[in-house]
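Before any comments, here is the structure.
The values are calculated or read from the model by the stated rules, or taken from the named source; none is laboratory data. Computed from a prediction, not measured in an experiment: that's the story for all the values here. As a convention, Cβ positions derive from the backbone with ideal geometry for all residues, glycine included, and neighbour counts pool all protein chains shown.
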Amino acid sequence: MSTPFTSAEAHRAVELLASRSLIRLITEIDDNGAIPPRRLADTLPDLSTHQLRSASDTARVNGLVRVAPGAGLELTASGAELADLYDAMARWARRHAVPAPVCEFSSRIRHVLDLLAPSLTTKRADGPSPRTDDDAEAGLARIRTLLIQWLADSPQVARVSEPEPVA
């Protein structure tokens, strides 16, 4: 399966999707529902103010979250699909104990995205898979297909390099 992504687009998409603060924001909302206004710092206390602002701005610019009146910051359909994709990546990584048997959720996602990154470009799309274990390879191929579908449905993720500040 070939992809329409240039090396620069694949790199931007992987860097954006692998951001620890974005992963935390998307999965927190997916797991626990909308984040009420002015409660972001209380909800994600392990992230700095800068990380929170950057993650929420990036998520808004890329159509992953929206501010719902009365509810706060909630996932869009694209954001909910990304949360499902993150879950699939983390399950695969946990099953294959990568990058380590015990590690943070966002580290697992980053590792899977790093494995898939070379196969997302038009030059390398039909090249060999990054793993040799048949079960692992098949699972990673399924995740790659889901990622490509999600990126095709969310082309702004590959095009956007920096979020524009929200006024």
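Brief remarks follow.
- Tally of residues being surrounded by fewer than 21 Cβ atoms within 10 Å (Cβ to Cβ), within 15 Å of the chain's Cα centre (by Cα) and in a helix (DSSP H, G or I) across the stretch 94-112: 4
- Residue satisfying all of: in the stretch 1-32; in a loop (DSSP other than H, G, I, E, B) and of a type in the set (S, T, N, Q); nearest to the chain's Cα centre (by Cα) among these: 19
- The single condition among (1) closer than 22 Å to residue 116 by Cβ; (2) in contact with a Gly (Cβ under 7 Å, 6 or more places away or on another chain) that residue 21 does not satisfy is (2).
- A count restricted to the stretch 33-61 and to residues that are crowded, with 17+ Cβ neighbours inside 10 Å, in a loop (DSSP other than H, G, I, E, B) and of a type in the set (Gly, Ala, Ser) stands at 1.
- Selected residue (criterion: modelled with the highest pLDDT) from residues of the stretch 114-167 that are within 14 Å of the chain's Cα centre (by Cα) and polar (S, T, N, Q): 149
- Pair list, Cβ under 7 Å, 6 or more apart: the stretch 87-100 residue modelled with pLDDT of 95 or more, other residue crowded, with 18+ Cβ neighbours inside 10 Å and among the basic types (Lys, Arg): 89/108; 90/108; 93/108; 94/108
- Consider the stretch 2-47 and keep the residues that are modelled with pLDDT of 95 or more and among the polar types (S, T, N, Q). The one that is farthest from residue 85 (Cα to Cα) is 43.
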